[in-house]
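Reading through the C-alpha cells given below for one structure.
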Amino acid sequence: DFGRELYVPWRLAAGDVLYRDIAYFNGPLSPYFNALLFRLFGTSLLTLVIANILVLAALLILLYAIISEIASRGTALLACLTVLALFAFAQMEMTGNSNWICPYAHEMTHGLTLAILSLYLLWVHACRQGRMWVVGSGMALGLVFLTKCELFLAGIAADGVLLWLIVPLKRRDGASATCVLARWTLAMLAPVLLAFGLLTTVMPARDALVGTLGSWIHLFNRELTSLIYYRVGMGTNDVASNIWQMMIWACSYALISVLVVGMALICRRGRWVRHIAVVVTTVIGVVVFAIYWEDIPWRQMAKPWPLWMLILAVATACVLHRHRHQYNLRRQLALRLALTILAVGLLGKMILNVRLMHYGFALALPATLLLVAALWQWLPQAIARYGGHTAMVRGAVLTTWLVMVVAHLEISDGYFKTKTFVVGAGPDRFLSDRRGERITQAVAHIASKVQHGQKVTVLPEGVMLNYLARIPSTRYIQFIPPEMKMFGEARILEALRLEPPEWVVLVNRDDSEYGSQFFGKDYGQQLAQWILLEYEKDLLIGPPVFVDRRLGVLIARRKQVSETVLGNGVGDLFVRTTHWAVPARGS
C-alpha cells in the first residue's frame, strides 16, 4: 500500500485534486499534509521518512508527558522504549508498512498522534484552565475526523470521558461547563468545515461532502465489511475459536501473575530472603522462556488486551469514584480512565484478534503502554500496601519485557534479512527482497517507453511503479477487492473507457486474503475483458501473471483504433502470454 502513500501526495503537489482527479477513500488531511511536505522539501521517500520520524518524536513526547502524570517518569521511559522496540520500526510480516516510519496509511499515525494530543490538551486545561487549551483540543480532534473514522470514534469517547470528569470541577476562570463544552465543540467542527469549504472551491458540494467524510462513507458498506480480510482482522470469522485463544492467553498471564504476586507477598521480611527470591524468580523465568521459546506463539500474545483494558477501566472507575472528592487524585485518575477508553476504542477494529503486528502497530499501542504502566507501577504499588516485595514483581516484569522485546526483534530481523535488493535511487532508494529486481526492470522499461503526457495504470495494485517512474496514472489507482467494493467495478470501467491510459501494467498479486485469488479470474472480470480487447503485450517480466503466487509483470500498450475494431492479434495479451483464464474474442 505504501506506493499509494507516495503517489497521492506527489500528484497533489503537482496540481491534481483529491477525490476529483484521484479516487480516495480516507479523509483529506494526511494526503494534503504530505503534499505540502513535498512542495516544501522535495518529492521523495526520504522526505516522508524524516517527517514520520518527527511525528514519532511528537508521539513519544506526548506519551511521556501523559504516562508521567498517571504513573511515574520511570514508567513513562519504559513505555517509550516499548514504542521504539515494538512499534516504531518493526516489521513482523513480509510487507514492510506496519510501522511508524512507512505506515500503510498515514491517517493511522497522524490520527493517533492528534487524538493523543487532543487528550493531553484537555488534561492541560484541567490543570491550568486556559481557554486556548480547550480550543486546541477540539481542533486536534477535528483534524482526527479528517483521517479515519475508527480513530475519531475512539478519540471522541476518550475526550468525552475527560470532559465529563474534569469540566464540573471548581474553576478559576469563571467559565461554565456549558461554555467550555461549546468552545471545544466549535473548535472541533472548525477543521471539518474548513476542509469542506476548501473542497467546494474545486468540486461540487456533494463530492466535497463525500471527500470530507472520507472513510465514514464506507463504514456501513456491508459488501466491504463482509470481506474475509476484515472479518479475520477483527476476529469475527471464527468467534468461538478466537475467544477460546483469548481465554487461554488470559489464564496463562493470570497464572504467572498469581505466582509472582504470591512470592512477593510471602517474602515480606528478611533482606537476604528477598534478594534470593528475586534471583530465583528471574532465573526460573529465563530458563522457562529459553526452553519454550520456539513454542510460544508470540504473534498471538496480545489477544487478551481487550479483556485487560476493560478490567483496568472498571478498576480505575471504581478508584475514581472512591476518591472523587480529592481534586488532584481525581484529575489524575480521570486522565488514566480517558486513556484507557481510547485504548479500548482503538482495539475495536481487531477486538477478537488483537496483535502487535499489522494494524496493531497503531491500534494496539495505547493498550500495550497501559499494560506496561499497570505491571511496572500500579501492581507493585498495590503489593507494597500489603507489605509485599515490589522488587520481585518489577524484576519479573522487566524479565518478561526483555524476553518479549527480543522475541519481536528477532521476528523483525528475520524479515529484514530478506531485504537485500536496492529499488529506486537517491532519496527514493529502499531495500526489497529479490522481487525488487523485476520491479526495477519494469520501472526502467516504463520510463524508457512511455512518452510525455501519457498515463500508465497498474492493476490490480502497484502504483509504486508510477511513483518511481514519475508517470501519472488514471483517476483510479488501486483495483483490489476493497476498492472494487468501495467504488464499484462498473464505475471504474466507465472511467477507464472515457479516458483510457496509453499503457497498462499487470502485476501478479494473490488476493486470497480477500477471498478472491486472482484479478480477472475471481474478481474484476469486466475490467479484464476490456483490457484484453484494448491492449497488446509489450513486455513480460518474470512468469506469466495471475497463474500462481510468483511475481510477474506484464506491460501492455493500447492498440491502435483499427486494431481494436478489427481485433487483430487479440488473445496474444493474455491467452498466449499469461495463460490467464480470460477468454479471447470469439472463444
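The values are calculated or read from the model by the stated rules, or taken from the named source; none is laboratory data. Treat the numbers as computed from the prediction; the structure is a model and nothing was measured. All Cβ positions, even for glycine, are placed from backbone atoms using ideal geometry, and neighbour counts span all protein chains on display. We work out accessible area using only protein heavy atoms, side chains counted, and drop any ligands, DNA or RNA first. Shrake-Rupley method; radii C 1.70, N 1.55, O 1.52, S 1.80 Å.
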Tally up the residues in segment 320-336 that are open to solvent by 20 Å² or more (accessible area, probe 1.4 Å) and touching a residue at least 60 places away in the same chain (Cβ under 8 Å), please.
5
Condition test on L346, is it open to solvent by less than 30 Å² (accessible area, probe 1.4 Å), modelled with pLDDT of 95 or more and either in contact with a strand residue (DSSP E or B) (Cβ under 8 Å, 6 or more places away or on another chain) or not charged (D, E, K, R) (or both)?
yes
For L46, only one of the following conditions fails: (1) buried (at least 20 other Cβ atoms within 10 Å of the Cβ); (2) part of a helix (DSSP H, G or I); (3) touching a residue at least 60 places away in the same chain (Cβ under 8 Å). What is its number?
(1)
Please indicate, with yes or no, whether at least one residue in segment 447-459 is in a helix (DSSP H, G or I), closer than 30 Å to E494 by Cβ and in contact (Cβ under 8 Å) with a residue 12 or more places away in the chain.
yes
If you go through segment 1-34 one residue at a time, how many are within 17 Å of T212 (Cβ to Cβ), in contact with a Pro (Cβ under 9 Å, 6 or more places away or on another chain) and among the aliphatic types (A, V, I, L, M)?
5
Test of understanding: among A182, A177, A154, which residue is at negative phi and either among the acidic types (D, E) or touching a residue at least 60 places away in the same chain (Cβ under 8 Å) (or both)?
A154
Out of (1) in contact (Cβ under 8 Å) with a residue 40 or more places away in the chain; (2) hydrophobic (A, V, I, L, M, F, W, C); (3) surrounded by 15 or more Cβ atoms within 10 Å (Cβ to Cβ), the odd one out for I53 is which?
(3)
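Name the single residue that is nearest to N353 (Cα to Cα) among those in segment 299-314 being in a helix (DSSP H, G or I), open to solvent by less than 50 Å² (accessible area, probe 1.4 Å) and among the aliphatic types (A, V, I, L, M).
That would be M309.
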Flagged in segment 435-446 as in contact (Cβ under 8 Å) with a residue 60 or more places away in the chain and either of a type in the set (F, W, Y) or open to solvent by less than 20 Å² (accessible area, probe 1.4 Å) (or both), in numbering order, are A442, I446
Members of segment 284-315 found to be at pLDDT 90 or above and farther than 21 Å from L363 by Cα, listed by number:
A315
Restricting segment 16-37 to residues that are open to solvent by 10 Å² or more (accessible area, probe 1.4 Å) and in a helix (DSSP H, G or I), the one nearest to H218 (Cα to Cα) turns out to be L29
From G515, G453, residue being over 28 Å from I228 (Cα atoms) and open to solvent by 20 Å² or more (accessible area, probe 1.4 Å):
G453
Could you list all residues from segment 419-434 that are loosely packed, with under 14 Cβ neighbours inside 10 Å and of a type in the set (S, T, Y)?
T420
Considering segment 518-561 alone, what residues qualify as being touching a helix residue (DSSP H, G or I) at 6+ places or on another chain (Cβ under 6 Å), open to solvent by 30 Å² or more (accessible area, probe 1.4 Å) and closer than 20 Å to G436 by Cβ?
L539, G542
Any idea which of A187, A208 is over 30 Å from A313 (Cα atoms), among the small types (G, A, S) and at pLDDT 90 or above?
A208
Flag if E437 is under 30 Å from T75 (Cα atoms) and among the charged types (D, E, K, R):
no
Answer yes or no: is there a residue in segment 380-388 that is open to solvent by less than 50 Å² (accessible area, probe 1.4 Å), free of Cβ contacts under 8 Å to residues at least 12 places away in the same chain and within 25 Å of V161 (Cβ to Cβ).
yes
Checking the condition modelled with pLDDT of 85 or more, under 30 Å from L163 (Cβ atoms) and touching a Leu at 6+ places or on another chain (Cβ under 8 Å), which residue from A250, A334 passes?
A334
Taking the stated definitions as given, is T225 at pLDDT 90 or above and polar (S, T, N, Q)?
no
Across segment 223-264, which residue is most open to solvent (accessible area, probe 1.4 Å) among those that are within 20 Å of W298 (Cβ to Cβ), among the aromatic types (F, W, Y) and touching a helix residue (DSSP H, G or I) at 6+ places or on another chain (Cβ under 9 Å)?
Y253
